[in-house]
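Participant: My structure is below; once you've seen it, I'll send some questions.
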Ligand code: AMP
Ligand code: MG
């Protein structure tokens, strides 16, 4: 492992919070270089958000650093240890098997941990090769930025590098490295790890670290008397709130994560570890996006309950610190109110029925949403196209069912009378509202563009042939998914028939 010569990214000062925490948490390990690395994509928008030097991704040294072939000056790469529940079963020790934290760097978005995913084996790789294939790396790279564009909390992706080096999955593929960026990659599983070992000292060190560095509101809220001033109960409360919001946003946009194991849950409520995810095409609440999930544990409609189950695991892990079972259970119970509230709010925004001045929704909103989702499911209407056309119809300023914009919506339904019944109720609900404001809200909450499986698949096929232009095009489009992009209509169309035959598994 060489250390690269000073260059723009070497002007960054590296910290390594994991080393500072103590040796229980992480192991020093250098990336394993890949042959002949090349750029696949560089996310200049994120570079700007971070306010890092604009040349930071342009030098040959940057390519070496972000493909794991050379270390930036001052970086101290580590892999961290965690455990977790996978598919409902305790899986014991896991850990960063193919992710390395290079360290943390200050930015305009606050201090950010920089991870290389796919940079070689670590002490936690178990039987894995420590690599990530081009296919799944493109999916993670694009989707994390797409989620950010949708306003959903997520880890981000700074750049994507590849190598001709082969990696064997079901077939020979080639390797890639995603550079991920987040304030912290701490997972529920990090807490579960120390709790399962009965190691309460590192458990407390980790909780204190997360609160002081990332969730300062815990101390403030506890000092204000919340949860009897028990700061660890407040930590669980804050994570519960963030998770409830994230789940409501996933559901509202039709996002299926696919592998909601507790080791894939972020303590900061960030969408994390993009594997067999999918945005729904036709609305099917029972949709299972992960071909390996034979029981449908992580089907779309189960996600909110799985999040609660996962929070329960976190609650158990934090129990020795909270030291009050009733309090722990009371905090967990709050999810049952917080999630539906957040979902109601998200659906009210999608329907243009959110009161702008108050957090509550229009009173008829819940009933309208329920009947609509039942109808969308019965007809398997395309989720994204439906909401966007509905937004355009409201924007037309007419509530007349035969207005061309409303006909566009009606055309998505076979059962015209069921649609007409719902449309009548909806028109009544909109009657006294400021429809121009409602349309603006809807167009800002119902994306025109999402990373459908087939769009990612086309980009992947081209990338395998050495053409990365589609990755770039999708990245640009998905970073502003609510904008019209009139020249890119094709990306907003209904999926082709072959889209339903795409199978995405845990293999990545
Ligand atoms: P995932 O299902 O991707 O969240 O991975 C579960 C665990 O397996 C994590 O600890 C990963 O770091 C590890 N893992 C997954 N794929 C690999 C691989 N190719 N090499 C080493 N570890 C891996
Ligand atoms: Mg994972």
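Participant: Length gain on complete extension for the stretch residue 24 to residue 295, per 0.36 nm per residue less the alpha carbon to alpha carbon distance?
Facilitator: Taking residue 24 through residue 295 to full extension adds about 94.0 nm, to one decimal.
Participant: Would you mind ranking 39, 406, 498 by Cβ crowding within 10 Å, fewest neighbours first?
Facilitator: With the sparsest Cβ surroundings first, the list reads 498, 39, 406.
Participant: The stretch 113-163 to the stretch 168-235: how many Å between their Cα centroids?
Facilitator: Value for the Cα centre distance between the two parts: 19 Å.
Participant: Give, in whole angstrom and from largest to smallest, the semi-axes √(5λ) of the equivalent ellipsoid of the stretch 353-443, with λ running over the eigenvalues of the Cα gyration tensor.
Facilitator: Its equivalent ellipsoid spans semi-axes of 20, 15, 12 Å.
Participant: Roughly how tilted is helix 365-379, in degrees to the nearest 10 and between 0 and 90, from the longest Cα axis of the chain?
Facilitator: 90
Participant: How much length is gained on full extension from residue 472 to residue 417, taking 0.36 nm per residue of separation minus their Cα-Cα distance?
Facilitator: Gain on extension, residue 472 to residue 417, equals 15.5 nm.
Participant: How long are the semi-axes of the equivalent ellipsoid of the stretch 130-255, defined as square roots of 5 times the Cα gyration tensor eigenvalues? Whole Å, largest first.
Facilitator: Computed over the stretch 130-255, the values are 35, 19, 12 Å.
Participant: What does DSSP give for the chain in terms of the percent of beta bridges that are antiparallel, rounded to the nearest 5?
Facilitator: Antiparallel bridges: around 95 percent, rounded to the nearest 5.
Participant: Now, a different point. Using the number of other C-beta atoms within 10 angstrom as an exposure proxy, rank 259, 239 with the fewest first. Show your work: numbers first, answer last.
Facilitator: Numbers: 259 22, 239 25.
The order, fewest Cβ neighbours first, is 259, 239.
Participant: Just from its helices, what would the mean residue ellipticity at 222 nm be for the chain, if runs of 4 or more DSSP H residues each count -39500 (n - 2.57) and the sum is divided by every residue, rounded to the nearest 500 deg cm²/dmol? Can you show the working numbers first?
Facilitator: Details: 18 runs with 215 residues, N = 508.
So the calculated ellipticity at 222 nm is -13000 deg cm²/dmol.
Participant: A further question on this structure: Starting from the 7 Å offset along Cα-to-Cβ, what nm value, one decimal, do you get for the label separation of residue 373 and residue 284?
Facilitator: 1.8
Participant: Report the relative contact order of the chain, percent, no decimals, based on alpha-carbon pairs under 8 angstrom and at least 6 residues apart. Spell out each step's value before the answer.
Facilitator: Numbers: 975 pairs, mean separation 71.4, N = 508.
Over the chain, the number comes to 14 percent.
Participant: If R₀ is 51 angstrom, what is the calculated FRET efficiency for the pair residue 87 and residue 36, using the beta carbon separation as r and rounding to 0.05? Write down the numbers at each step before the final one.
Facilitator: Values: r = 38 Å, r/R0 = 0.74.
Once the sixth-power term is evaluated, E becomes 0.85.
Participant: Mind sorting 126, 131, 297 by how few other Cβ atoms lie within 10 Å of their own Cβ, fewest first?
Facilitator: Working: 126 11, 131 27, 297 18.
Going from sparsest to densest Cβ surroundings: 126, 297, 131.
Participant: Here's another thing I want to ask about it. Taking all pairs of distinct Cα atoms, average 1/r, flip it, and tell me the Kirkwood hydrodynamic radius of the chain in Å to one decimal place. Before the final figure, lay out the partial values.
Facilitator: Working: mean 1/r = 0.0420 Å⁻¹.
Across the chain, the inverse of the average 1/r is 23.8 Å.
Participant: Compute the angle between helix 303-322 and the longest alpha-carbon principal axis of the chain, please, reported from 0 to 90 degrees and rounded to the nearest 10.
Facilitator: Around 40 degrees separate the two axes.
Participant: P(r) tail for the stretch 189-343, what percent of Cα pairs lie past 26 Å?
Facilitator: Looking at the stretch 189-343, the distances longer than 26 Å represent 27 percent of pairs.
Participant: Test of understanding: what is the full-extension gain from residue 503 to residue 326, defined as 0.36 nm times their sequence separation minus their Cα-Cα distance?
Facilitator: 59.3 nm
Participant: To the nearest 10 degrees, how steep is helix 200-213 against the longest Cα principal axis of the chain, on a 0 to 90 scale?
Facilitator: Roughly 60 degrees, rounded to the nearest 10.
Participant: Based on the Cα gyration tensor of the stretch 283-436, what are the three equivalent ellipsoid semi-axes, each the root of five times an eigenvalue, rounded to whole Å and given largest first?
Facilitator: Whole-Å semi-axes of the equivalent ellipsoid: 36, 21, 11.
Quick note: the coordinates plus some simple rules give every number you see, no bench work behind them. The model shown is predicted, which means the values in this text are computed figures rather than measured ones. Neighbour counts run over all protein chains shown; Cβ positions are idealised from the backbone, glycine included.
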